[in-house]
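To start, the structure under review is shown below, and the notes come after it.
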Amino acid sequence: MLIAASTPTGALVMVTAVFLASAVEMVEALTIVLAVGVTRGWRSALEGVAAALAVLAVLVLALGPALVHYVPLSALRLVVGTLLLVFGLQWLRKAVLRASGLKARHDEDAIYAEQVAGLSGSPPAVGRDATAFAVAFKGVFLEGLEVVVIVITLGSTSHRLGLAALAAAVAVVVVAAVGVVVHRQLSGVPENAMKMGVGLMLVSFGTFWSAEGVHVSWPGNDLAVPVLVAWYGMIAWLLVLALGHHARAPMGRPVPTVEPSRD
Amino acid sequence: MIDGQPVNAGSTARRWMVTFGRFWWEFLVGDTPELLIGVVAVVGVLAVICLRPGLRTAAAFVGPVLVAGVLTLSVRRAVRRSR
């Protein structure tokens, strides 16, 4: 049996999933870092970013190759596939609720304003600013941790850890470069649509690998992955359509959302 | 010594483990335990089906349908909780 992502089609879906997931998480991290830099100063904020990226890189370097070399592939597929399926369903569930208006959409402008208000309370420290460092570190680390999970799971199971890490690194660089150029939070990025796409791909890979782990035989081998993406895309679309009327009042005005958006 | 009390290394380690475990539980499961339970159930059903080699291709069609069911149930749970 071939491994998903061992063919150009599987690899393309894997790289796309990692790139989109990394980009969307880094947009969220960038919003926090910009708020910290503008209100508390850039030196400590950038030190916090560098420290978080270093810890995340160590996690990938420590866990990724260990999983590839020491865990049998069938066990890796089963455990990682199950983990990826749970993780992907969480993303997809939130995306469906957001698209149908039942969950507040991610709003970078509101998050930026909230961060600035919270950080403006006390004056910046002279020299190193522990608050700026901690907030920037936490923002980048927590957003990046989801990327690390995705890179390790997708990369190790497909035996393309280097490619997955590269896709994530490119996304980080692209988002950082765009952030420097426009010098503001990237509220124009279609985050909710990107999260829907990432959720679809994670659920598809999760289904594929967890099923392979229990010896399911996929017709078409790797080609089943894009078919799964299409299948789950249709299910998500039907759910959004079905839930659409729940989110609208009689006059067509949206009712209050059921869940706030924190992520 | 913390506040004049000797530090118990065992309880510190236990507390650290609990905090560590709670962080990962919140990170991976959070307020949607039905997704974890549903996915484990789906994988279990597929494993049982695949005990018969002749049904391994059929299981490829059953799995995505069951996963879609888990997603639908979780979304419905979110809607119910909103009422």
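For region A:216-239, does any single residue satisfy the condition of being buried (at least 20 other Cβ atoms within 10 Å of the Cβ), at pLDDT below 90 and over 18 Å from A:Val13 (Cα atoms)? For region A:216-239, residues buried (at least 20 other Cβ atoms within 10 Å of the Cβ), at pLDDT below 90 and over 18 Å from A:Val13 (Cα atoms): absent. Would you mind stating whether B:Ala60 is over 27 Å from A:Ala99 (Cα atoms) and either in contact (Cβ under 8 Å) with a residue 40 or more places away in the chain or buried (at least 16 other Cβ atoms within 10 Å of the Cβ) (or both)? The answer is yes for B:Ala60. Name the single residue, out of those in region B:31-73 being of a type in the set (Gly, Ala, Ser) and facing chain A (nearest Cβ under 7 Å), that is nearest to A:Gly233 (Cα to Cα). For region B:31-73, the residue satisfying everything is B:Ala68. Considering B:Val18, B:Val40, B:Val29, the condition of being modelled with pLDDT of 85 or more, closer than 30 Å to A:Glu212 by Cβ and surrounded by 10 or more Cβ atoms within 10 Å (Cβ to Cβ) is satisfied by B:Val40 alone. On inspection, A:Arg40 qualifies as crowded, with 22+ Cβ neighbours inside 10 Å, away from chain B (no Cβ under 14 Å), of a type outside the set (Phe, Trp, Tyr) and over 24 Å from B:Phe23 (Cβ atoms). Inspect all residues belonging to region A:52-61 and state whether any of them is at pLDDT 85 or above and buried (at least 21 other Cβ atoms within 10 Å of the Cβ). The answer is yes; a qualifying residue exists.
The values are calculated or read from the model by the stated rules, or taken from the named source; none is laboratory data. No experiment lies behind these values; they were computed from the predicted model shown. No Cβ is skipped: glycine too gets one built from the backbone with ideal geometry, and neighbour counts run over all protein chains shown.
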